[in-house]
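The values are calculated or read from the model by the stated rules, or taken from the named source; none is laboratory data. Treat the numbers as computed from the prediction; the structure is a model and nothing was measured. Quick reminder, even Gly has a Cβ in these numbers, built from the backbone with ideal geometry, and neighbours come from all protein chains shown. To get the accessible areas, we keep the full protein, side chains included, count just its heavy atoms, and leave off ligands, DNA and RNA. Shrake-Rupley method; radii C 1.70, N 1.55, O 1.52, S 1.80 Å.
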Amino acid sequence: MRTKTTFTRFIIEDLRKLPEATGEFTLLLNAIVTACKEIADDVNRGQLINVLGSAKTENIQGETQKKLDVISNDVILRSLEWSGHLGGMASEEMEEAYPIPSRYPKGKYLLVFDPLDGSSNTEVNVSIGTIFSILRCPEGIEEPTEEDFLQPGSRQVCAGYVLYGPATNLVLTTGQGVNGFTLDRDIGEFILTHRKLSIPDQTSEFAINMANQRHWEPAIKRYIDEVVAGEDGPRGRNFNTRWVASMVAEVHRILMRGGIFLYPMDSRENVQEGRLRLLYEANPMGFIIEQAGGIASTGRQRLMEVKPNRLHQRVPVIIGAKEEVERVELYHSLMDQERSDSTPPHRQEAKQA
Ligand code: F6P
Ligand code: MN
(Lines give C-alpha, C1' and ligand atoms only; values in the text may rest on other atoms or scores of the structure.)
(Ligands and ions follow the chains in the order given, each with its own letter.)
Protein backbone atom coordinates (compact mmCIF):
# COMPACT_ATOMS: atom_id res chain seq x y z
CA MET A 1 0.00 0.00 0.00
CA ARG A 2 1.30 3.50 -0.88
CA THR A 3 1.51 5.68 2.22
CA LYS A 4 0.92 9.37 1.87
CA THR A 5 3.49 11.69 3.41
CA THR A 6 1.66 13.87 5.91
CA PHE A 7 2.98 17.29 6.85
CA THR A 8 3.85 16.06 10.34
CA ARG A 9 5.88 13.15 9.01
CA PHE A 10 7.60 15.34 6.43
CA ILE A 11 8.62 17.98 8.91
CA ILE A 12 9.90 15.49 11.48
CA GLU A 13 11.98 13.68 8.84
CA ASP A 14 13.15 16.89 7.18
CA LEU A 15 14.28 18.50 10.41
CA ARG A 16 15.95 15.33 11.66
CA LYS A 17 18.64 16.08 9.05
CA LEU A 18 19.57 19.27 10.88
CA PRO A 19 21.79 18.56 13.89
CA GLU A 20 20.61 21.70 15.73
CA ALA A 21 16.90 20.93 15.28
CA THR A 22 14.92 20.20 18.39
CA GLY A 23 11.38 18.91 18.64
CA GLU A 24 10.28 22.38 19.70
CA PHE A 25 10.36 23.74 16.17
CA THR A 26 8.31 20.82 14.84
CA LEU A 27 5.69 21.41 17.51
CA LEU A 28 5.59 25.12 16.73
CA LEU A 29 5.03 24.43 13.02
CA ASN A 30 2.30 21.95 13.82
CA ALA A 31 0.52 24.52 15.99
CA ILE A 32 0.70 27.12 13.18
CA VAL A 33 -0.68 24.62 10.70
CA THR A 34 -3.54 23.69 13.03
CA ALA A 35 -4.45 27.40 13.32
CA CYS A 36 -4.47 27.67 9.52
CA LYS A 37 -6.79 24.66 9.24
CA GLU A 38 -9.21 26.50 11.51
CA ILE A 39 -8.95 29.63 9.35
CA ALA A 40 -9.47 27.48 6.23
CA ASP A 41 -12.72 26.25 7.74
CA ASP A 42 -13.93 29.78 8.53
CA VAL A 43 -13.00 31.00 5.05
CA ASN A 44 -14.71 28.00 3.47
CA ARG A 45 -17.96 28.40 5.38
CA GLY A 46 -17.78 32.23 5.38
CA GLN A 47 -21.16 33.05 3.87
CA LEU A 48 -22.91 30.33 5.88
CA ILE A 49 -21.62 31.38 9.28
CA ASN A 50 -21.88 35.12 8.67
CA VAL A 51 -18.19 35.98 8.89
CA LEU A 52 -17.91 37.86 5.58
CA GLY A 53 -17.94 41.64 5.18
CA SER A 54 -16.36 44.56 6.96
CA ALA A 55 -15.53 44.56 10.66
CA LYS A 56 -15.92 48.38 10.46
CA THR A 57 -12.57 48.88 12.18
CA GLU A 58 -9.26 50.09 10.77
CA ASN A 59 -5.84 48.50 11.15
CA ILE A 60 -2.62 50.44 11.78
CA GLN A 61 -2.20 51.05 8.04
CA GLY A 62 -5.59 52.76 7.86
CA GLU A 63 -7.14 49.87 5.93
CA THR A 64 -10.68 48.80 6.81
CA GLN A 65 -10.53 45.37 8.37
CA LYS A 66 -12.73 42.53 7.23
CA LYS A 67 -14.43 40.37 9.86
CA LEU A 68 -12.24 37.52 8.65
CA ASP A 69 -9.06 39.59 9.16
CA VAL A 70 -9.95 40.01 12.81
CA ILE A 71 -11.06 36.39 13.27
CA SER A 72 -7.93 34.96 11.60
CA ASN A 73 -5.67 37.17 13.66
CA ASP A 74 -7.40 35.99 16.79
CA VAL A 75 -7.24 32.31 15.79
CA ILE A 76 -3.46 32.57 15.37
CA LEU A 77 -2.91 34.40 18.67
CA ARG A 78 -5.10 31.96 20.63
CA SER A 79 -3.61 28.88 18.94
CA LEU A 80 -0.01 29.88 19.62
CA GLU A 81 0.18 31.95 22.80
CA TRP A 82 -0.05 28.95 25.16
CA SER A 83 2.38 26.76 23.22
CA GLY A 84 5.57 27.69 25.06
CA HIS A 85 7.49 27.95 21.78
CA LEU A 86 7.21 31.70 21.23
CA GLY A 87 8.72 34.77 22.82
CA GLY A 88 6.23 37.04 21.04
CA MET A 89 4.20 37.63 17.90
CA ALA A 90 3.71 40.51 15.48
CA SER A 91 0.87 40.78 13.01
CA GLU A 92 -0.02 43.04 10.10
CA GLU A 93 -3.33 43.60 11.85
CA MET A 94 -1.93 44.76 15.23
CA GLU A 95 -0.24 48.06 15.93
CA GLU A 96 2.27 46.66 18.39
CA ALA A 97 4.00 43.35 18.98
CA TYR A 98 1.93 40.88 21.02
CA PRO A 99 3.64 39.75 24.22
CA ILE A 100 3.01 36.19 25.43
CA PRO A 101 0.67 36.46 28.47
CA SER A 102 2.58 35.90 31.72
CA ARG A 103 0.52 32.81 32.60
CA TYR A 104 2.16 30.89 29.73
CA PRO A 105 5.76 29.71 29.29
CA LYS A 106 7.92 31.49 26.73
CA GLY A 107 9.99 30.01 23.92
CA LYS A 108 12.89 30.88 21.67
CA TYR A 109 11.08 31.87 18.47
CA LEU A 110 9.21 34.93 17.23
CA LEU A 111 6.22 34.59 14.90
CA VAL A 112 5.44 37.31 12.37
CA PHE A 113 2.31 36.97 10.22
CA ASP A 114 -0.27 38.40 7.87
CA PRO A 115 -3.36 36.51 9.07
CA LEU A 116 -5.42 36.94 5.91
CA ASP A 117 -3.67 38.36 2.90
CA GLY A 118 -5.77 39.60 -0.01
CA SER A 119 -8.85 39.84 2.18
CA SER A 120 -10.53 42.29 -0.21
CA ASN A 121 -11.32 39.09 -2.10
CA THR A 122 -13.37 37.42 0.63
CA GLU A 123 -16.81 38.50 -0.63
CA VAL A 124 -16.06 37.49 -4.21
CA ASN A 125 -14.90 33.96 -3.36
CA VAL A 126 -11.40 34.46 -4.77
CA SER A 127 -8.28 32.91 -3.22
CA ILE A 128 -6.75 34.47 -0.10
CA GLY A 129 -4.10 33.25 2.32
CA THR A 130 -2.13 33.38 5.55
CA ILE A 131 1.58 34.29 5.40
CA PHE A 132 4.00 33.55 8.24
CA SER A 133 7.65 33.94 9.09
CA ILE A 134 9.59 32.49 12.02
CA LEU A 135 12.58 34.32 13.52
CA ARG A 136 14.78 33.50 16.47
CA CYS A 137 14.14 35.48 19.62
CA PRO A 138 17.48 37.18 20.41
CA GLU A 139 19.47 35.26 23.05
CA GLY A 140 18.57 36.11 26.63
CA ILE A 141 15.49 38.21 25.72
CA GLU A 142 12.46 37.24 27.83
CA GLU A 143 10.18 40.13 26.86
CA PRO A 144 10.88 40.97 23.20
CA THR A 145 10.25 44.53 22.11
CA GLU A 146 9.65 45.88 18.60
CA GLU A 147 13.44 46.15 18.10
CA ASP A 148 13.83 42.35 18.48
CA PHE A 149 11.50 41.74 15.53
CA LEU A 150 13.43 44.09 13.22
CA GLN A 151 15.63 41.39 11.69
CA PRO A 152 16.44 41.24 7.97
CA GLY A 153 14.70 38.48 6.01
CA SER A 154 17.98 36.60 5.65
CA ARG A 155 17.66 35.69 9.35
CA GLN A 156 14.33 33.86 8.91
CA VAL A 157 14.34 30.29 10.19
CA CYS A 158 11.23 29.36 8.25
CA ALA A 159 8.63 31.00 6.02
CA GLY A 160 5.37 29.72 4.66
CA TYR A 161 1.89 30.45 3.49
CA VAL A 162 -1.45 28.70 3.36
CA LEU A 163 -3.55 29.43 0.30
CA TYR A 164 -7.32 29.16 0.74
CA GLY A 165 -8.40 28.48 -2.83
CA PRO A 166 -10.38 25.75 -4.58
CA ALA A 167 -7.97 23.54 -2.62
CA THR A 168 -6.08 24.57 0.52
CA ASN A 169 -2.32 24.50 -0.02
CA LEU A 170 0.50 24.88 2.46
CA VAL A 171 3.88 25.94 1.05
CA LEU A 172 6.91 26.03 3.29
CA THR A 173 10.65 26.53 3.42
CA THR A 174 13.11 26.02 6.25
CA GLY A 175 16.02 26.94 3.99
CA GLN A 176 16.34 23.57 2.28
CA GLY A 177 14.11 24.12 -0.75
CA VAL A 178 10.37 24.65 -0.98
CA ASN A 179 7.71 21.98 -0.57
CA GLY A 180 3.95 22.13 -1.05
CA PHE A 181 1.12 20.26 0.68
CA THR A 182 -2.59 19.94 0.00
CA LEU A 183 -5.22 19.70 2.73
CA ASP A 184 -7.07 16.41 2.64
CA ARG A 185 -10.31 17.45 4.31
CA ASP A 186 -11.41 13.84 4.84
CA ILE A 187 -8.55 13.15 7.23
CA GLY A 188 -7.82 16.74 8.26
CA GLU A 189 -4.14 16.51 7.29
CA PHE A 190 -1.90 18.29 4.84
CA ILE A 191 -0.36 15.79 2.39
CA LEU A 192 2.91 16.35 0.55
CA THR A 193 1.91 16.99 -3.08
CA HIS A 194 4.65 19.28 -4.45
CA ARG A 195 8.21 18.24 -3.69
CA LYS A 196 11.09 20.70 -4.28
CA LEU A 197 9.30 23.44 -6.18
CA SER A 198 11.38 25.41 -8.63
CA ILE A 199 10.76 28.56 -10.67
CA PRO A 200 11.93 28.60 -14.30
CA ASP A 201 14.45 31.40 -15.05
CA GLN A 202 12.36 32.60 -17.98
CA THR A 203 8.71 33.52 -18.23
CA SER A 204 6.19 35.28 -20.43
CA GLU A 205 3.70 36.01 -17.65
CA PHE A 206 3.70 39.12 -15.46
CA ALA A 207 1.50 40.41 -12.62
CA ILE A 208 1.20 44.09 -11.76
CA ASN A 209 -1.69 46.42 -10.95
CA MET A 210 -1.82 48.31 -14.26
CA ALA A 211 -4.16 50.93 -12.80
CA ASN A 212 -1.16 52.47 -11.03
CA GLN A 213 0.84 52.95 -14.22
CA ARG A 214 0.80 56.74 -14.17
CA HIS A 215 2.40 56.75 -10.68
CA TRP A 216 5.35 54.44 -11.45
CA GLU A 217 9.03 55.31 -11.72
CA PRO A 218 10.56 55.32 -15.26
CA ALA A 219 12.29 51.94 -14.71
CA ILE A 220 8.97 50.14 -14.13
CA LYS A 221 7.26 52.07 -16.93
CA ARG A 222 10.02 51.00 -19.31
CA TYR A 223 9.85 47.33 -18.29
CA ILE A 224 6.07 47.16 -18.59
CA ASP A 225 5.96 49.15 -21.87
CA GLU A 226 8.37 46.64 -23.35
CA VAL A 227 6.49 43.52 -22.25
CA VAL A 228 3.15 44.99 -23.30
CA ALA A 229 4.60 45.77 -26.75
CA GLY A 230 5.01 41.98 -27.15
CA GLU A 231 6.40 40.71 -30.43
CA ASP A 232 6.25 44.21 -31.93
CA GLY A 233 8.58 45.59 -29.24
CA PRO A 234 12.20 45.09 -28.13
CA ARG A 235 11.38 41.81 -26.32
CA GLY A 236 10.26 40.22 -29.58
CA ARG A 237 7.69 37.94 -27.95
CA ASN A 238 4.23 38.19 -26.45
CA PHE A 239 3.58 38.28 -22.71
CA ASN A 240 0.42 37.58 -20.79
CA THR A 241 -0.82 39.28 -17.65
CA ARG A 242 -2.61 38.12 -14.47
CA TRP A 243 -3.68 40.10 -11.38
CA VAL A 244 -5.53 38.38 -8.55
CA ALA A 245 -4.97 41.17 -5.98
CA SER A 246 -3.97 38.48 -3.50
CA MET A 247 -0.21 38.12 -3.10
CA VAL A 248 -0.45 34.54 -1.84
CA ALA A 249 -2.29 33.51 -5.00
CA GLU A 250 0.21 35.36 -7.23
CA VAL A 251 3.22 33.73 -5.54
CA HIS A 252 1.56 30.34 -5.70
CA ARG A 253 0.99 30.74 -9.44
CA ILE A 254 4.66 31.67 -9.89
CA LEU A 255 5.73 28.55 -7.97
CA MET A 256 3.43 26.35 -10.03
CA ARG A 257 4.17 27.66 -13.53
CA GLY A 258 6.56 30.61 -13.38
CA GLY A 259 6.15 34.35 -13.76
CA ILE A 260 7.09 37.70 -12.27
CA PHE A 261 5.13 39.73 -9.70
CA LEU A 262 5.70 43.43 -9.16
CA TYR A 263 4.34 45.81 -6.55
CA PRO A 264 6.75 48.71 -7.01
CA MET A 265 6.89 51.93 -5.05
CA ASP A 266 5.05 54.77 -6.74
CA SER A 267 4.31 58.44 -6.31
CA ARG A 268 1.04 58.03 -4.35
CA GLU A 269 1.27 59.36 -0.85
CA ASN A 270 1.05 56.02 0.97
CA VAL A 271 2.99 54.00 -1.61
CA GLN A 272 6.23 55.99 -1.72
CA GLU A 273 8.05 53.25 0.17
CA GLY A 274 6.05 50.52 -1.59
CA ARG A 275 2.70 48.94 -0.80
CA LEU A 276 3.51 45.55 0.70
CA ARG A 277 4.82 45.04 4.21
CA LEU A 278 8.45 44.01 4.61
CA LEU A 279 8.04 41.75 7.66
CA TYR A 280 4.66 40.14 7.03
CA GLU A 281 4.63 39.79 3.23
CA ALA A 282 7.86 40.62 1.39
CA ASN A 283 10.37 38.74 3.55
CA PRO A 284 8.52 35.42 3.88
CA MET A 285 7.61 35.41 0.18
CA GLY A 286 11.17 36.48 -0.68
CA PHE A 287 12.59 33.53 1.27
CA ILE A 288 10.25 31.10 -0.50
CA ILE A 289 10.95 32.55 -3.96
CA GLU A 290 14.74 32.42 -3.46
CA GLN A 291 14.59 28.88 -2.12
CA ALA A 292 12.73 27.90 -5.31
CA GLY A 293 15.49 29.41 -7.47
CA GLY A 294 13.84 32.76 -8.21
CA ILE A 295 14.93 36.28 -7.22
CA ALA A 296 13.33 38.60 -4.67
CA SER A 297 14.29 42.25 -5.02
CA THR A 298 13.23 45.80 -4.27
CA GLY A 299 14.52 46.70 -7.74
CA ARG A 300 17.65 48.12 -6.13
CA GLN A 301 18.54 45.57 -3.45
CA ARG A 302 17.97 41.96 -2.40
CA LEU A 303 14.71 42.04 -0.44
CA MET A 304 16.01 39.86 2.37
CA GLU A 305 18.91 42.25 3.03
CA VAL A 306 16.73 45.26 3.80
CA LYS A 307 17.24 46.14 7.46
CA PRO A 308 13.79 46.84 8.87
CA ASN A 309 13.38 50.11 10.77
CA ARG A 310 9.85 49.54 12.04
CA LEU A 311 7.29 46.75 12.33
CA HIS A 312 4.91 47.97 9.64
CA GLN A 313 7.54 49.14 7.15
CA ARG A 314 6.58 48.87 3.49
CA VAL A 315 8.89 47.98 0.64
CA PRO A 316 8.82 47.67 -3.18
CA VAL A 317 8.50 44.02 -4.22
CA ILE A 318 9.73 42.51 -7.50
CA ILE A 319 9.89 38.72 -7.34
CA GLY A 320 9.91 35.64 -9.50
CA ALA A 321 11.72 34.45 -12.63
CA LYS A 322 15.44 35.21 -12.48
CA GLU A 323 15.86 36.70 -15.95
CA GLU A 324 12.90 39.06 -15.64
CA VAL A 325 13.73 40.30 -12.13
CA GLU A 326 17.33 40.89 -13.21
CA ARG A 327 16.09 42.95 -16.12
CA VAL A 328 13.94 45.09 -13.82
CA GLU A 329 16.97 45.59 -11.56
CA LEU A 330 19.05 46.63 -14.56
CA TYR A 331 16.44 49.23 -15.57
CA HIS A 332 16.54 50.61 -12.02
CA SER A 333 20.31 50.96 -12.04
CA LEU A 334 20.25 52.63 -15.50
CA MET A 335 17.54 55.01 -14.29
CA ASP A 336 19.45 55.85 -11.11
CA GLN A 337 22.64 56.37 -13.10
CA GLU A 338 20.85 58.71 -15.48
CA ARG A 339 19.37 60.63 -12.56
CA SER A 340 22.72 61.10 -10.87
CA ASP A 341 24.38 62.11 -14.18
CA SER A 342 21.78 64.81 -14.67
CA THR A 343 22.11 66.11 -11.09
CA PRO A 344 24.22 69.34 -11.13
CA PRO A 345 27.67 68.75 -9.52
CA HIS A 346 26.97 71.02 -6.50
CA ARG A 347 23.88 68.93 -5.70
CA GLN A 348 25.79 65.67 -6.07
CA GLU A 349 28.25 66.89 -3.45
CA ALA A 350 25.39 67.85 -1.17
CA LYS A 351 23.94 64.34 -1.62
CA GLN A 352 27.22 62.69 -0.71
CA ALA A 353 27.75 64.86 2.36
O1 F6P B 1 -2.10 42.87 1.53
C2 F6P B 1 -1.74 43.41 0.35
C3 F6P B 1 -2.48 42.96 -0.88
O4 F6P B 1 -3.81 42.61 -0.66
C5 F6P B 1 -1.78 41.82 -1.63
O6 F6P B 1 -2.24 40.57 -1.27
C7 F6P B 1 -2.07 42.14 -3.07
O8 F6P B 1 -1.04 41.68 -3.89
C9 F6P B 1 -2.19 43.63 -3.08
O10 F6P B 1 -2.42 44.05 -1.77
C11 F6P B 1 -3.31 44.10 -3.96
O12 F6P B 1 -3.14 45.44 -4.21
P13 F6P B 1 -4.16 46.33 -5.07
O14 F6P B 1 -5.25 46.71 -4.12
O15 F6P B 1 -3.35 47.49 -5.53
O16 F6P B 1 -4.67 45.48 -6.19
MN1 MN C 1 -1.53 41.26 3.09
| For region 10-87, which trypsin sites (Lys or Arg not before Pro) are in a loop by DSSP, counting at most 15 other Cβ atoms within 10 Å? | LYS17
| field | Along each principal axis, Cα extent of the chain, largest first, Å | value | 61, 50, 47
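Could you grab the Rg to Rh ratio for region 87-212? Cα atoms only, Kirkwood for Rh.
On the way: Rg = 17.3 Å, Rh = 17.0 Å.
Here Rg/Rh amounts to 1.02.
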| region 239-305 and region 153-232: distance between their alpha carbon centers, rounded to Å | 8
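Net charge near ILE71: determine it from the other residues with C-beta under 12 Å of the C-beta of ILE71, scoring Lys and Arg +1 and Asp and Glu -1. Mind dumping the intermediate values first?
Values: positive: ARG45, LYS66, LYS67, ARG78; negative: GLU38, ASP41, ASP42, ASP69, ASP74, GLU93.
With Lys, Arg at +1 and Asp, Glu at -1, the net is -2.
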| message | If you roll a 1.4 angstrom probe over the protein chains with everything in place, what fraction of the accessible area of the chain belongs to carbon and sulfur, to the nearest %? | response | 48
| request: Pick out, in residue order, every one of the trypsin sites (Lys or Arg not before Pro) in region 240-339 that is DSSP loop and has at most 12 other C-beta atoms within 10 Å; say none if there are none. | output: ARG268, ARG310
| remark: Largest fluctuation, SER91, SER342, SER83 only, Gaussian network model of the chain with Cα springs under 10 angstrom, belongs to SER342
| request: At most 10 other Cβ atoms within 10 Å and a DSSP loop assignment: could you name the GluC sites (Glu not before Pro) in region 1-74 that fit? | output: GLU20
| Using Cα-only point scatterers and the Debye equation, what is log10 of I(q)/I(0) for region 1-66 at each q in 0.16 Å⁻¹, rounded to two decimals? | -0.76
| message | Accessible area per residue for the chain in Å², computed with a 1.4 Å probe and the full protein assembly in place, what is it? | response | 46
| note | Ordering 177-183, 279-285, 202-208 by per-residue average of other C-beta atoms within 10 angstrom, highest first, gives 279-285, 177-183, 202-208
| said: Give me log10 I(q)/I(0) at q = 0.18 Å⁻¹ for region 205-352, Debye formula, one equal scatterer per alpha-carbon, no solvent. | reply: -1.09
| Taking the alpha-carbon centroid of each part, what is the distance from region 117-131 to region 73-109 in angstrom? | 24
